[in-house]
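Here is the structure we will look at.
The values are calculated or read from the model by the stated rules, or taken from the named source; none is laboratory data. These figures come from a predicted structure and were not determined experimentally. Cβ: placed from backbone, ideal geometry, glycine included. Neighbour counts: every protein chain shown. All accessible areas refer to the heavy atoms of the entire protein, side chains included, with ligands and DNA or RNA removed. Shrake-Rupley method; radii C 1.70, N 1.55, O 1.52, S 1.80 Å.
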Amino acid sequence: MLVGAQPAWAQVVAPPQRPFSQLVDLWTRQLDRITARTDQAGILPAEIDALREQTTDVRAAAQAAAQLARNDLADTKRLLAPLDVKPGADQPAETDAVKAERERLTAQATVSESRVKQCEVIIARADQLLERMTKLRGEVVLRTLLQQNDSPVSPRVWAKLGPQLAGAWRTLTAALAAWGREGLSGLQSGDHDLMPLALWAALTIVLWWLGRRLRHRFGRGELSEPGQRDRTLAAAIDGVGLVLVPILAVWLVGKVLAATLPPPPIDALLPEFINRLVTFLLVVGLTATVLAPHRPHWRVLPFTDSSAHHLSHGLRRLFGFGLLADFLYVVFTQGSDRDAVVSIGSLLLAATVALLTLPVLSNRAWEAARPAGSAAPRLVGGTWWSVLRFLIGVALLASIVFALLGYATLAAHIHTGIAETCMWVALALLAHQMAGDLFDAVAAPDMPTGRWVRERFGLAADFQLRGHHIALLLFDLFLVMVLVVAIPAAWSVDVDAITRGFDQLLQGVKVGSVTISLGNIGWAIVMFGIAMLLARLVRRVVRDRIMPTVDAPMPIRQSVDAGLNYAGVIIALLLGVGALGIDFTNLAIVLGALSVGIGLGLQNIANNVISGVVLLLERPIKAGDWVSVSGHEGFVRRINIRATEIETFQRTHVIVPNSVFLQNPVINRTYSDTSSRIEIPLTVGFATDVARLETILRGSALDHPRVLRVPPPIVRFVRVGTAGLEFELLVFVSQLEDRLIVTNGLNRTILAKLIEEKILDPHPAAEFKLRDLDRLADALRARQASDHAAPAPR
């Protein structure tokens, strides 16, 4: 490791031991050597990663030195500032000591500025070199994947297969024999520190004991119908207890074997074997706990019994035999003269993996357990997962074709990338499910944690907590970040660009004079959330505690509540924007630019929003009013910021834009008061006594309990019509909602009295009798006419 290429914290704590000029020369020579190596042909991706790590170390050292120089420059300028002030006319002249000190500090500031610029040049060159190596690594990986070897069906390949297998077997047996003869010499030589191994052994024993206790207390019991929460928590505990200790034990054995200093190629094959064994144990644990083929009532996912058995056995066969075949492929392809083994082995490996994977991807393995008559999907995962399973099957079959054509590396890369991607996604989904159920369990009213939170904040015992949803959202964001890095790495995609992007987001992106970073965004979200919570608290206090003590009608209360809501949102937005570091002057400029867009494309929305504010301030309508606008009539239920909700008499809700109330005539039947007038028209015969009828109508109105006495009922003689005498009864009610009830009651009462006073005949003469007489008269006249027209008999 370079002397100057130390971690950043070490550079900040202690200044460099070498002179700065030597450090710059050292960094320059190192970058020159890395540049020369990247220009050479035949460079491997692993070597590019090593060179990139060295470049990153040089950049970190230069950045730390630049920070030290900036600090020195700031201190020097702070000391130099008082000395740069020129003395006035009434002050003594500058002394030689002050002048010498100012010149010394000026020279020191010049040196610091020079060091900062030199470090910035090194940093810029390192950044260019890192970007170049990122592109170079992608090109090398792509060139490696598309490298075509001899086809496995070529006779020349089969002719070389036997000698290459024999040579690989001799190399492996010789290494095993040498390793067996040396025994524990590596451990006895003292080259390895055994303390970490002892600590891992102790940790394995402790975790085994803890897992056993947890499984005994919280594991899967004998419940016949456990809930979703019980199933998930028991699966998590059983899964950890089932696979964690074996995995730690296998890892510990691998470390012990690696400490014995095995000879090549055992030293490279041992980690490969340990990784595959750990993966197989992980798959066994997941299938046993999540699918639970032998304990269906403890199954976490909604699989049928046959699908759970089929998928569990298929996954274990796939990873058992597939990982074994993959390890054998790695064992016999070690070395530089294994082209025939690579060609034929890749074909056998691709065929084995495809044949073992196709049963796992079949619909039989993904049938969902559905209640009778349920509308849930027939297959677990729905349509999208069915399409993805089909595409995965096509990719696996394509890997066989690529292996037949001689693209051995590409074929192996396809099924390895698919396996790792599916593994990471499955682990993320299971972690999301278990975390959600765990948070729900923690927040449940019957759990000690849930009871403590409700008692601590004075909430009701059955109050639904929502804070755990935020925790689940943060956990999901963490899972997404892990997948963003893990999935590209599974396909050998260079993740350096992704990590550098994350670093840049953490450090901040400068847009003009504003630096936007994840920290600022997170702080802005926190400030916005806190402001919204406080606004809701103020609204709740005003609505539930203050407004009930004030003698104010409900529409005023709703307007105050809506105004507090709008004010809280605006204040929260301003605080969030301020936390981002955006100057409100610049924000005003941005809003001025956005006004052009509002004028062009959002004018309707802006019009409705402004109209909503005018309606809340001017109050031409309010909640509870009976209005009629643009052919819609009903009661105003709520005035929102963009539209108003009207409930019609048919119990349907009409959403009317707020601008309609300001641009069209509006009938507000309850604008000033809630009283209303009812008009009941009436037509009687010409022989009716008018004074007597008026008395009957006025008396019927006064007898109704909901008719107002002031103003009194009015009986109006409208006119003498062709059908009879037309009257109109006008009465007033205090509540607009009473119109239908009073109208119906008055009609029934008036009808009964008119029949009682014999003004109306309840049994009028049937009209069809008159029609029969007319038809008979017409028939007689026609008969007489025909008799007169007939000739006389001879």
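Less than 5 angstrom separates the built amide H of residue 407 from those of 149, all sequence-distant by 5 or more or on a different chain. Can you tell me the relative contact order of region 29-186? Whole percent, Cα pairs under 8 Å, sequence separation 6 or more. Worked out over region 29-186, it gives 31 percent.
Specify the inter-centroid distance of region 710-729 and region 15-68, based on alpha-carbon positions, in whole Å. Distance between centres, Cα-based: 106 Å. Residue 304 sits among other residues whose Cβ lies under 12 Å from its own Cβ, and their net charge, with Lys and Arg +1 and Asp and Glu -1, is +2.
Placing dummy labels 7 Å off each Cα toward the beta-carbon, the span from residue 110 to residue 633 is 9.3 nm.
What is the list of residues in region 627-648 whose amide nitrogen lies under 20 Å from a point 7 angstrom out from the Cα of residue 736, following Cα to Cβ? The answer is 627-640, 643-648.
Surface exposure of region 614-677, expressed per residue as accessible area with a 1.4 Å probe, stands at 56 Å². If R0 equals 30 Å, the separation of the Cβ atoms of residue 75 and residue 525 corresponds to a calculated FRET efficiency of about 0.25. Per-residue packing, averaged as other Cβ atoms within 10 Å, sorts the ranges 381-387, 702-708 into the order 702-708, 381-387, beginning with the highest. Residue-wise HN-Hα couplings along region 695-707, as the Karplus relation 6.51 cos²θ - 1.76 cosθ + 1.60 with θ = phi - 60° gives them from phi, are 5, 5, 5, 5, x, 4, 5, 5, 6, 6, x, 9, 8 Hz; Gly and Pro carry x. Counted by Cβ distance under 11 Å from residue 560, the other residues give a net charge of +2, where Lys and Arg count +1 and Asp and Glu count -1.
Quick one: work out Rg over Rh on the C-alpha atoms of region 405-495, Rh as Kirkwood radius. Spell out each step's value before the answer.
Details: Rg = 20.3 Å, Rh = 15.9 Å.
Answer for region 405-495: 1.28.
Report in % the part of the accessible area of region 390-440 that belongs to carbon and sulfur, leaving out ligands and nucleic acids; probe 1.4 Å. Within region 390-440, the accessible surface is 83 percent carbon and sulfur.
May I ask you to order 28-41, 105-118 by the average number of other C-beta atoms within 10 Å around their residues, highest value first? Numbers along the way, then the final one.
Values: 28-41: 13.6, 105-118: 16.1.
Going by the mean number of other Cβ atoms within 10 Å, highest first, we get 105-118, 28-41.
The modelled label-to-label distance for the pair residue 574/residue 744, using points 7 Å beyond Cα in the direction of Cβ, is 5.3 nm. Computed about the Cα centre, the dipole magnitude for region 24-181 is approximately 980 debye when only Lys and Arg (+1) and Asp and Glu (-1) carry charge, each at its Cβ.
Taking the solvent-accessible surface of protein heavy atoms with a 1.4 Å probe, what is the per residue accessible area of region 332-389 in Å²?
On the way: 3120 Å² over 58 residues.
On a per-residue basis, 54 Å².
The coefficient of translational diffusion for region 347-480, derived via Stokes-Einstein from the alpha carbon Kirkwood radius under 4 °C and 1.567 mPa s, stands at 70 µm²/s. Given R0 = 30 Å, the distance between the Cβ atoms of residue 384 and residue 272 translates into a calculated FRET efficiency of 0.30.
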